[in-house]
Every structure is written in structure tokens, then in C-alpha cells.
């Protein structure tokens, strides 16, 4: 080969950056840094209840666990977007859209709601463990916790009215 065919060696980071730039993917790749820095920017409490869902054309869609967090974060969305833009310079987030949706626990960590379950006083412990086992398959923590409270209340009311704890059976 002639000396013209050889190039100077470059680091892997430089080669990847050049390839992404050549393919027009550098901006999209940088956008994915958003998921990496989200928890560090918003803090662990917010990260348990809100996670980025999608990002397109300057619009960041964030899923939150319930309407209370939706309202709370709607008051802070401009501040959060500014903090994210500062960390992910150049600024790319023009609008933050909040929606109630599924927040993966693997990213956000366990929700305090799931650990602060309603006490199961007056209910047979085996029934309580059956309820918890049946509900463990549900992914939506707020829905699961609400259903557990209702199920425990129904079991408690049944136990006080008939003397035996009754509850719906699962298959």
C-alpha cells in the first residue's frame, strides 16, 4: 500500500465520534445521555416517581406514577428542563410533557408506597400472604397498592361481620 492509504491512528472515542457525526447520529446519541443522568439531576425521590419516556424534536415526555406527582412536577418542569439542558449542553429540551404512566421500578427503585402497605390487622396472615402473592404480578405500583388496600378492607369487614375472614379467590 502507498503511504497515502494509511491514516494516523486515533483513539476509539474519536473514531466512534467521527462515525456518529458522519452518519448524522451524533445528536440522537447525545439525547440518550438524558436517561443516564436523569436520576442524578432530579434526585432519587423524583426519580422513583418520574422517568423519561421519549424524546423527539425537543419534546421530552416524562411518565409519572400518579396525578399528584404530575401536578407537583408540572410546577417544576421549567426548572428541571433547564437543569437537564445545562448538564446535556448544548440545550436540546424545549418542552417537557408530563403524563401519568408506568414508571419502571428497575430504573426508579422501589416506591415508598409499596413498602408502606396498609397493616393487615384482624386478617388471617395466610390470607394476607395470598393477597400479596396475587398482587405481586401487577406492575403498576399505585394500582397494586390501591387494590391491596381494598382487598384488605373487604377481608377485614367480612371477618368482623361473619366472624371468618372472607376474600375473593384468585385462580
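The values are calculated or read from the model by the stated rules, or taken from the named source; none is laboratory data. Note that the structure is a prediction, hence the values are computed from the model and not measured. Neighbour counts are summed over all protein chains in view; Cβ atoms, including those assigned to glycine, are modelled from backbone coordinates with ideal geometry.
Would a scan of the range 47-62 turn up a residue that is exposed (fewer than 13 other Cβ atoms within 10 Å of the Cβ) and assigned to a helix (DSSP H, G or I)?
no
Yes or no, residue by residue, for (1) at pLDDT 80 or above; (2) assigned by TED's automatic domain parsing to the domain that holds residue 37; (3) not in a helix (DSSP H, G or I):
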site	(1), (2), (3)
81	yes, yes, no
99	yes, yes, yes
120	no, no, yes
126	yes, no, no
137	no, no, yes
144	no, no, no
158	no, no, no
169	no, no, yes
